[in-house]
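*Asks:* Let me give you the structure first, and then I'll get to my questions.
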6 protein chains.
Amino acid sequence: MLVSVFRKAHFNAAHRLHNPKLSEEENKKLFGLCNNPSYHGHNYTLEVKVTGEIDPLTGYVIDTKILKDVIQKEIHDRFDHRNLNEDTVEFKELNPTAENIAVVIWDLLRPHIDSKLQLSLRLYETENNFVEFNGK
Amino acid sequence: MLVSVFRKAHFNAAHRLHNPKLSEEENKKLFGLCNNPSYHGHNYTLEVKVTGEIDPLTGYVIDTKILKDVIQKEIHDRFDHRNLNEDTVEFKELNPTAENIAVVIWDLLRPHIDSKLQLSLRLYETENNFVEFNGK
Amino acid sequence: MLVSVFRKAHFNAAHRLHNPKLSEEENKKLFGLCNNPSYHGHNYTLEVKVTGEIDPLTGYVIDTKILKDVIQKEIHDRFDHRNLNEDTVEFKELNPTAENIAVVIWDLLRPHIDSKLQLSLRLYETENNFVEFNGK
Amino acid sequence: MLVSVFRKAHFNAAHRLHNPKLSEEENKKLFGLCNNPSYHGHNYTLEVKVTGEIDPLTGYVIDTKILKDVIQKEIHDRFDHRNLNEDTVEFKELNPTAENIAVVIWDLLRPHIDSKLQLSLRLYETENNFVEFNGK
Amino acid sequence: MLVSVFRKAHFNAAHRLHNPKLSEEENKKLFGLCNNPSYHGHNYTLEVKVTGEIDPLTGYVIDTKILKDVIQKEIHDRFDHRNLNEDTVEFKELNPTAENIAVVIWDLLRPHIDSKLQLSLRLYETENNFVEFNGK
Amino acid sequence: MLVSVFRKAHFNAAHRLHNPKLSEEENKKLFGLCNNPSYHGHNYTLEVKVTGEIDPLTGYVIDTKILKDVIQKEIHDRFDHRNLNEDTVEFKELNPTAENIAVVIWDLLRPHIDSKLQLSLRLYETENNFVEFNGK
């Protein structure tokens, strides 16, 4: 009997869409305004979903206070008020599209969530654009 | 060709997280502020999802007016403006975590939804904490 | 490794629930106020979900600018500020329930999305009533 | 010591922008798509604001249950699932712009709110377009 | 040249509407379900508004980090996960209606905001019911 | 008889809080993470409020299509997908706090709104932090 628990978090970051393996011209053509060399930014909203059995002792699938702390430490403290392209090792070579950020966040969270629990996530770049990744 | 229909509802209730089989000390350690003996409370938002074939006569999977009335009678009238631990039979012995409330609500709704339709639900305890249950 | 990309859009339309194969009386009984012969209306919110592999060149599953343009042309320009029953070929004979509108929109979008990508959608008729269709 | 109390309500209606004193051509030029003769529609959200002193007996400026019932009877039951131009006396001759609807609603509510209380309101036509009227 | 700065915060609490100077019967008649002796609860959202001149050195009217800390210490830590009637000195004798809670919060915040700045606030009890207090 | 018309718009930008007249150390102390030299960013939401009499010909205070176009041209096209500190003349010397951005936007919009209409605005930097400016 599986139940999913969701926890939302937020971080504000600068980025530009840019594939370092392509020329400036190709990047500009592919990414338009999002390729602006001096960056733009977003309020990212992250929605983490953890699925598993309810522990009969606690009535929890996972204690959301623990989940909140993991997200705070692994994601918020790493990316909030940062420039994703400039300030993080994760996006030095990787284009910080919402899709790629979602996969990177999943990889960062996975080791900190009990392996019998499934992990999925949504990342909102704006209210109108968002992505979902259900894991590898 | 399956389509899902969603209907949202709300109820406001008091509760405390407490497992009657554990000592006061263990409860306090597990649930912290949520274990406050004089209770705290939430505006719960319930999102019911019913999945099935479209009836060609009505163009409906389920008439949302009927779904609304079922939720009103079975859930809202039972839990709204109540103390979940004190005023309800469902949580006399069961810890009213979001996970457990979701399963209880599913059990209460299931007999009132046509058995050829699937039933799932989400329960929001706050905007940042919510759970999903897709059924037994 | 599948990632889903979501894009939201809006259109405002008039409609009435009415099955032309039924009598006036049967329609009134089935659909109540929603059968009002002079129509009522909604702000519809459409959430399109496209699922596939991340293209390593762009970091995109699909360029949301392209997705946005497809939705604008195929859905918004067709239905926005229209009377669904009166002004559209799609609902001349088909009852414009949220369920039927969702399937019609899926059929309109499908040919414009690369066939290796999956297509799903949600249609919000109001904040409290919405439907989801994951495709044929 | 003045406190304001707010109550939200919703109604879904069809309308077209049309000034009956102008020609078809002038109407089309002024109102574009909003002038569509077969109508379009909206989910209107109404936010009523009542300002006054707190009654020391109840701790209320106004009992929101009473305010809710007034809005239900005077506004919702009159306009919900209606065509504003066709089905209502208020907009037979008056162009149902958000501005005019707001003033009409204020006039309909004012006699039902105690005269020592101030009355204001907001009317949302969409999430992005709304109006406010603080009274005559 | 006055600018207003807003900061939102949240707290979850139990309460019952009850005027200790009235009989049980009168309380029940006035407050209905909200008078439930075993309490119900809400997710309260607080929106604090501080108005003043922009400091040319910082570009701030008030540093929102400081405002956030004041709200956290004076309001959140006092009321979150509490029973307003049972656990707080403020509502031992005062009926915790949204109106009264708003005035109490204003009184608690006022000494901690520079006297050249104006202070107002909104308190949301639910999405549909909220109050505003612009000060004494 | 005054009515206010509101129109919302969005832009996504990078910025850092930095007063060029202060030392690096003073800036870091005043603005903390917000002073990050490689920038961070936000989804800004702008809410423009225009107040005046209803034009009896149109039923409008202002045509929101015109207001939308003014905001698009004067604000969105100038600031969207830009680095406020690097890419704009407005914030070359001025610290781009929400307060200062709000005043700059008001100055940019004022000449394009009929002088008999009042102009106010809100700028949301995040859902929890926002500012309001009612004009000079």
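The values are calculated or read from the model by the stated rules, or taken from the named source; none is laboratory data. Model, not experiment: these values are computed from the prediction. All Cβ positions, even for glycine, are placed from backbone atoms using ideal geometry, and neighbour counts span all protein chains on display. Accessible surface areas use protein heavy atoms only, side chains included; no ligands, DNA or RNA. Shrake-Rupley method; radii C 1.70, N 1.55, O 1.52, S 1.80 Å.
*Asks:* Keeping all protein chains in the complex and leaving out DNA, RNA and ligands, what accessible area do you get for D:Met1 with a 1.4 Å probe, in Å² to the nearest 10?
*Replies:* We get 90 Å² for D:Met1.
*Asks:* What is the mean projected area of the alpha carbon convex hull for chain D, to one decimal in square nanometres?
*Replies:* On the way: hull surface 35.3 nm².
The Cα convex hull of chain D, projected and averaged over all directions, gives 8.8 nm².
*Asks:* Still on this model: Which distances, in nm and shortest first, link the E:Asp107 label point to the same label point in every other copy, taking 7 Å along Cα→Cβ?
*Replies:* 4.3, 4.3, 4.5, 5.7, 6.5
*Asks:* Suppose every K and R has +1 on its Cβ and every D and E has -1 on its Cβ; what is the size of the dipole of the range A:1-49 about the Cα centre, in Debye to the nearest 20? Write down the numbers at each step before the final one.
*Replies:* Details: 7 positive and 4 negative charges, 43 e Å.
Dipole size: approximately 200 debye.
*Asks:* Taking F:Glu127 in one copy and the same position in all the others, each labelled 7 Å out along Cα→Cβ, what are the pairwise distances from the first, in nm, shortest first?
*Replies:* For F:Glu127, the inter-copy label distances come out at 0.4, 1.1, 1.1, 1.1, 1.3 nm.
*Asks:* If one takes the longest principal axis of the Cα atoms in chain E, at what angle in degrees, from 0 to 90 and to the nearest 10, does the Cα axis of helix E:98-109 lie?
*Replies:* 40
*Asks:* Semi-axes of the protein assembly as shown's equivalent ellipsoid from the Cα gyration tensor, sqrt of 5 times each eigenvalue, largest first, rounded to whole Å? List each step's numbers first, then the result.
*Replies:* On the way: eigenvalues 249, 249, 217 Å².
Working through the eigenvalues yields semi-axes of 35, 35, 33 Å.
*Asks:* In addition: How far, in nm to one decimal, is A:Glu53 from itself in the other copies if the label point is set 7 angstrom along Cα toward Cβ? Shortest first, please.
*Replies:* 3.6, 3.6, 6.4, 6.7, 7.5
*Asks:* Taking the Cα centre of chain E as the origin, how large is its charge dipole in debye, to the nearest 20, when only Lys and Arg (+1) and Asp and Glu (-1) carry charge on their Cβ atoms?
*Replies:* Details: 17 positive and 21 negative charges, 18 e Å.
Approximately 80 debye in magnitude.
*Asks:* When the Karplus curve 6.51 cos²θ - 1.76 cosθ + 1.60 is applied with θ = phi - 60°, which whole-Hz ³J(HN,Hα) does each residue of the range A:122-133 get, with x for Gly and Pro?
*Replies:* 10, 10, 8, 8, 9, 4, 9, 10, 8, 9, 9, 9
*Asks:* Let me ask something else about it. Closest to the E-onto-A rotation axis, which residue of chain E has its Cβ, and how many Å off the axis is it?
*Replies:* So the closest residue, with its distance, comes out as E:His10, 7.
*Asks:* State the number of lysine pairs found in the range D:2-133 whose Cα atoms come within less than 20 Å, restricting to pairs 8 or more positions apart or on distinct chains.
*Replies:* Going through the range D:2-133 pair by pair, I get 14.
*Asks:* Here's something else I'd like to know. Treating the range C:20-70 as a set of equal point scatterers at the Cα positions, no solvent, please give the Debye-formula log₁₀ I(q)/I(0) at q = 0.14, 0.25, 0.26 Å⁻¹.
*Replies:* One equal scatterer on each Cα of the range C:20-70 leads to -0.61, -0.99, -1.03.
*Asks:* Roughly how many nanometres apart are two label points built 7 Å out from the Cα toward the Cβ at D:Glu86 and F:Asp107?
*Replies:* That separation, rounded to one decimal, is 5.3 nm.
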